[in-house]
Amino acid sequence: MRVLVTGIAGFVGTHLVDFLQRQDPAPDVFGLVKPRGTFPDLPPAVTLIEADLEDAASVERAMDSVVPDRIVHLAAQSSPQLSWADPAGTFRTNVLGLLHVLEGVRKRGLAPRTLVVGSAEEYGLADARDLPLREDAPLRPQSPYASSKVAQGFLALQYTLAYRLPIVRTRTFHHTGSRRGEAFAESAFARQLAEIEAGLRPPLVSVGNLEAVRDFTDVRDVLRAYWLLLDRGVPGEVYNVCSGRGVRIGDLLDLLIRLSGADVEVRVDPQKVRRAEIPEVVGDPSRIREATGWQADVPLERTLRFLLDGWRERLAQAPPAASR
Ligand code: A2R
């Protein structure tokens, strides 16, 4: 089986490589990477193909060389915060980029099973009465990133309805693990703790809003969900990928501090407290469970240990000056 992974060099993509290598039989993996991008070492078994999603011709060339049986479309401008600074770029990558992938498939008469990864951010400013969020909850995106993901989801649906392409969509809630970008609160906490342990900063953890409640899943559970959805998801359907369990960010921080063992002071930085932050985002995973039997298995404590160990390793590899 030939699997094309876009965004293979990102957080989820690098974990997906590990996951796919453990499958029996392991598929042939082709990873799309941005030309001139910098990315971690990937195993030699992965064939890397340079293509910029914003450039239709380069995506089409990639499609010709791979002729995929499956596509896992991960590539994105993935940060809600950065999307405020560059809404146009976010739409180019997330919406136009997907359009180029789907056109590349359609024009060649291919029909790979395709997973398009969306986000819980699409639910946006959800009403508390809609919790836990089911897939039919209203979409009220409140950032350019969130609206680009709504557009991406509907574009994918259109290609299933109009061209019968077997595309399955997700709305993935918070997911984390080693190598998570530090734009995400739990990873920023873990980095600070690892730096404190290494004596690289004073024992002070700077945080934002600790009262928000979020639904966290281990990235390894998320990958299992993605692969099951590629097998058994209904084309055109959208599935929440979430644990169904709400965790207060302050409790998550306490757990990380306990895992670290460092003696630290926690200080709220008003600059990090986002305005209009949604108090609670928790999903209902019933649909994916019914379709695939999937449920999130990895306990939060194990996930946070994985995240913290990832930062410890990164700091051990990078010289202190570069790690600040
Ligand atoms: O920008 P880079 O060099 O870091 O590459 C990123 C890649 N990417 C692109 N690839 C080809 N053409 C483009 N125009 C382009 N723009 C970005 O997508 C990076 O390697 C990857 C995204 O990785 P992360 O930012 O680490 O996202 P993550 O957490 O792996 O998220 C995977 C999916 C995304 O659709 C998120 O929106 C969703 O899960 O949450």
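Looking only at the range 1-28, residues that are part of a helix (DSSP H, G or I), within 16 Å of residue 115 (Cα to Cα) and over 19 Å from the mean Cα position of the chain (by Cα) come to 0 in all.
Note on the range 97-131: residues that are buried (at least 16 other Cβ atoms within 10 Å of the Cβ), farther than 30 Å from residue 280 by Cα and among the aliphatic types (A, V, I, L, M) amount to 5.
Residue 234 falls short on exactly one of the conditions (1) of a type in the set (Val, Ile, Thr); (2) closer than 20 Å to residue 284 by Cβ; (3) part of a strand (DSSP E or B), and that condition is (3). Pairs meeting the criteria (first residue in the range 102-129 and on the phi > 0 side of the Ramachandran plot, second residue within 16 Å of the ligand (Cβ to nearest atom) and assigned to a helix (DSSP H, G or I), beta carbons under 9 Å, at least 6 apart or on different chains) are 124/146; 124/147; 124/150.
Of all the listed residues (115, 102, 157), the sole one being within 13 Å of the ligand (Cβ to nearest atom), hydrophobic (A, V, I, L, M, F, W, C) and farther than 21 Å from residue 183 by Cβ is 115.
Pairs meeting the criteria (first residue in the range 28-56 and over 22 Å from residue 104 (Cα atoms) and within 13 Å of the ligand (Cβ to nearest atom), second residue modelled with pLDDT of 90 or more and part of a loop (DSSP other than H, G, I, E, B), beta carbons under 6 Å, at least 6 apart or on different chains) are 39/9.
Looking at 101, 168, 95, 117, just one residue is under 27 Å from residue 256 (Cβ atoms) and assigned by TED's automatic domain parsing to the domain that holds residue 14, and that residue is 117. Does the range 19-38 contain any residue that is at pLDDT below 95, aromatic (Phe, Trp, Tyr) and in contact with a strand residue (DSSP E or B) (Cβ under 9 Å, 6 or more places away or on another chain)? Within the range 19-38, not a single residue is at pLDDT below 95, aromatic (Phe, Trp, Tyr) and in contact with a strand residue (DSSP E or B) (Cβ under 9 Å, 6 or more places away or on another chain). Residue under question is residue 83, and the condition is that it be touching a helix residue (DSSP H, G or I) at 6+ places or on another chain (Cβ under 7 Å), within 21 Å of residue 242 (Cα to Cα) and either more than 10 Å from the ligand (Cβ to nearest atom) or assigned by TED's automatic domain parsing to the domain that holds residue 49 (or both); does it hold? No; evaluated as a whole, the condition is false for this residue.
Return yes when residue 127 is farther than 22 Å from residue 13 by Cβ, modelled with pLDDT of 95 or more and charged (D, E, K, R) and no when it is not. Taking the combined requirement at face value, the residue does not satisfy it.
The values are calculated or read from the model by the stated rules, or taken from the named source; none is laboratory data. In this text the structure is predicted, and so the values were computed from the model without any measurement. Heads up, the Cβs are rebuilt from the backbone with ideal geometry, glycines too, and the neighbour counts pull from every protein chain shown.
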